[in-house]
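What follows is calculated from the coordinates using simple rules that are stated; it is not laboratory data. Keep in mind that what you see is a predicted model, and the values were worked out from it rather than measured. Cβ placement follows ideal geometry from the backbone for every residue including glycine, while neighbour counts extend to all protein chains displayed.
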Amino acid sequence: MGVYSGSPGVVLKPESTEQVSTILRYCNERRLAVCPQGGNTGLVGGSVPVHDEVVLSLARMNRMLWIDGNSAVCVKREWCWRNQTCEKRGLMVPLDLAARGFCQLGGNVSTNAAGIRYLRYGSLHASVLGLEAVLPSGEVFSSLNTLRKDNTGYDLKQLFIGSEGTLGVVTKVAIALASKPVAVNVAMFTCDQFATVQDLLRQAKLHLGEILSA
């Protein structure tokens, strides 16, 4: 947008969790500031280094590791959320953003991106089943659970969702997929006051509750 600018001295592009761990451990021991970057699609400047931070770009960690079409769950490594492998199985990541095709799932999780389909699918707090993250010390936190219903103990993964990279760098995500709609209909309404907008939404929820998406 031409609003934010940074002047980092170095950009590192790891390809694995182990490399991310090595980088963060090195920087932590020498008290070097780190600025994580995903798809660089955010509009609030969160991925722009303020001073001379080490930029940690996860652009090369771009592989899907595993997908289960029966239980509609997949594990991705910091990956762009849209994927033909999911779509061929009639599935999709339950998140729709203007940056689709460019943003990365790890960044979406770290910012708790809601997207325009929040009405139907909710936030990432509900969709993320497990994740792996590298802590500032270089220690790897792994909670890659793929079980949809899990009520055992503390749900530590929730702390990383929306943490903006302050607690750790998300490197893998296990996410529950949604069925891809076979058809989409779009309607446009014009309202003369906000109260009418609210009433329209109530009516839409009442009559279209099962299919209302955005």
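A compact table of results
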| quantity | calculated |
| --- | --- |
| Ranked list, fewest to most other Cβ atoms within 10 Å of each Cβ, for Arg117, Arg60 | Arg60, Arg117 |
| Local electrostatic count, Ser5, Cβ distance below 15 Å [Lys/Arg +1, Asp/Glu -1] | -2 |
| Ordering of 19-26, 38-45, 172-179 by packing [mean C-beta count within 10 Å, highest first] | 172-179, 19-26, 38-45 |
| Vicinal HN-Hα couplings computed from phi for segment 139-144 (Karplus, 6.51 cos²θ - 1.76 cosθ + 1.60; Hz; Gly/Pro x) | 5, 9, 9, 10, 9, 7 |
| Net +/- balance of residues flanking Val140 in space, Cβ distance below 9 Å, scoring K and R +1, D and E -1 | -3 |
| Global form of segment 111-214, assessed from the alpha-carbon gyration tensor, a/c cut-off 1.5 | prolate |
| Residues His207 and Val44, FRET efficiency given R0 of 30 Å [Cβ-Cβ distance, rounded to 0.05] | 0.25 |
| Tensor-based shape of segment 10-57 (alpha-carbon gyration tensor, a/c under 1.5 rounded, otherwise prolate or oblate) | oblate |
| Gain in span if fully extended, Ala33 to Lys88, counting 0.36 nm per residue against the direct Cα distance | 15.6 nm |
